[in-house]
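Note sheet for the following structure.
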Amino acid sequence: MSDFLYRRGRLYCEGVAVERIAASVGTPVYVYSRAVMERNFRRYDRAFRGCPHTICYSVKANSSLALLSVLAGLGAGFDIVSGGELHRALAAGGDPGRLVFSGVGKTAAEMEAALRAGILLFNAESSGELSLLARLARKAGRKAPAALRVNPDVSAGAHPYISTGLRQHKFGIDISRAEALYLKAARARWLQMAGVSCHIGSQILALEPFLEALEKLLDLAERLRRHGLAIRYLDLGGGLGVSHHSGEAGPDIGEYGRRLRRILDSASGLRYHLLLEPGRSIVGEAGILLARVLYTKRGATKRFIIVDAAMNDLLRPALYGSYHEVRPAANLRRRQVEADVVGPICESGDFLAQDRRLPEVRPGELLAVFTTGAYGAALGSNYNSRLRPPEVLVEGDRFRIIRERESYDDLVRLERL
Ligand SMILES: *Cc1c(COP(=O)(O)O)cnc(C)c1O
């Protein structure tokens, strides 16, 4: 969070005091630092210099057009999981030749659109999907570049909802069955089996699971090559975690790169083109959610700070029990109290933080919820008919709105009486 710092007791994002943003745009509001996002992307890019690679930012982590356009400008490719994300990636100026399409349930219409766009790689997850892809490719008159997303049976130790690489998960194809399926698919005229893919989970803090997965992918790719398949891409997916506690470092992108490079350099790895699909590790720490205190109250056993942001704005605490640091935007030197920070929604699960030591805040004061750039706005909803918050991008000492706050008209626009 190095670009979210307190200066003279006030929280800044880069060169902008966040109070200024709240005063001008209102709350709740998501605030992103362009510098943090760019730095993280460049770390990935640098870590694989000299090794053919494409960093395909995972659009689902934060699909804001402005953020996608910044990343496209740095040479990012994109990992998409729906027709909507394809639309966004192209609308933001993304290069179709750097798009990979993941997901366990792609529809025919989505695959047709991706074929028309001329994407880099389809990561197929079942033999049914491969057959449909082959039929659509024939209809479109162009070969479909494809990989199988294999399930390497690596345990990543993340939350059960975001851990995806074990045998019991719905994702991918068991790696022991992949070879036979590849050999069958290689005979299909309209498929070009060009890669081997996996994605083992999300918010993974150790590097070992990635190394283990890469070794398994390499081994499979080598076996397929010996069968005469022209496997060119190794797609290791995303999943590198971020630290949610200030003063604690998350996994280091440079170190991740060095350890993967060591495997690629020592095996026959350098003949492959590496694809990575990071989402959270690029945008997570680039964002905060600003909320204003509405009320404070004492329950029978707890204190509550009721703010104007809620689980519809930031679902992660309610969905995953995830921890996000909350601090006042002005570094208040008041007495510390223990409290839950909760939203206005009619659900007991509507909390942003529980049992936290915080300075005693008052109505009207501003709180920042940290490390919310990934899976924050993207998981937002209109639950309780709340308007989705605006999003702001800070660039040095300037800021601009990259998504307007919704209006009540927006809320009912698609409905008919
Ligand atoms: C979600 C997802 C990613 C991104 O995961 P992060 O944890 O945000 O890096 C990458 N690839 C696939 C297939 C995904 O489903």
Hull volume per residue for region 103-276, using the convex hull of the C-alpha atoms, in Å³ is 119
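Leaving out ligands, DNA and RNA, what percent of the accessible area of region 103-276 is carbon and sulfur, probe 1.4 Å?
Numbers: 3730 of 7530 Å².
Carbon with sulfur: 50 percent of the solvent-accessible area.
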Whole percent per 20 Å bin, from 0 to the bin with the longest distance: what is P(r) over all C-alpha pairs of the chain? 26, 53, 20, 1
In the chain, how many lysine pairs have Cα atoms under 20 Å apart, counting only pairs 8 or more places apart or on different chains? 7
Average accessible surface area per residue within region 50-163, 1.4 Å rolling probe, Å²: 35
So, in nm, how far is label residue 270 from label residue 39 when the simple model puts each one 7 Å beyond its Cα toward the Cβ? 3.2
Please give me the summed charge of the neighbours of residue 243: other residues whose Cβ is under 13 Å from its Cβ, Lys and Arg +1, Asp and Glu -1. -3
Would you mind putting 293-303, 89-99 in packing order, based on average other-beta-carbon counts within 10 Å, highest first? 89-99, 293-303
Among 236-249, 109-122, the order from most to least packed when residues are scored by Cβ within 10 Å on average: 109-122, 236-249
Hand me the trypsin sites (Lys or Arg not before Pro) from region 18-53 located in a DSSP loop with no more than 12 other Cβ atoms within 10 Å, in residue order please. 49
How big is the gap, in Å, between the Cα center of region 335-410 and the Cα center of region 282-308? 7
Report, for region 128-278, the % of DSSP beta bridges that are antiparallel, rounded to 5. 5
Given the -39500 (n - 2.57) contribution per DSSP H run of 4+ residues, what per-residue ellipticity at 222 nm results for the chain, rounded to the nearest 500 deg cm²/dmol? -8500 deg cm²/dmol
Any chance you could check the Cα centroid distance between region 103-157 and region 1-80 for me, in angstrom? 30
Accessible-area composition of region 302-373, carbon plus sulfur, in percent [1.4 Å probe]: 47
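The values are calculated or read from the model by the stated rules, or taken from the named source; none is laboratory data. Because the structure is a prediction, the values reported are computed rather than measured. With ideal geometry, Cβ positions are generated from the backbone for all residues, glycine too; neighbour counts draw on all protein chains shown. Calculation scope for accessible area: heavy atoms of the full protein, side chains included, ligands and nucleic acids excluded. Shrake-Rupley method; radii C 1.70, N 1.55, O 1.52, S 1.80 Å.
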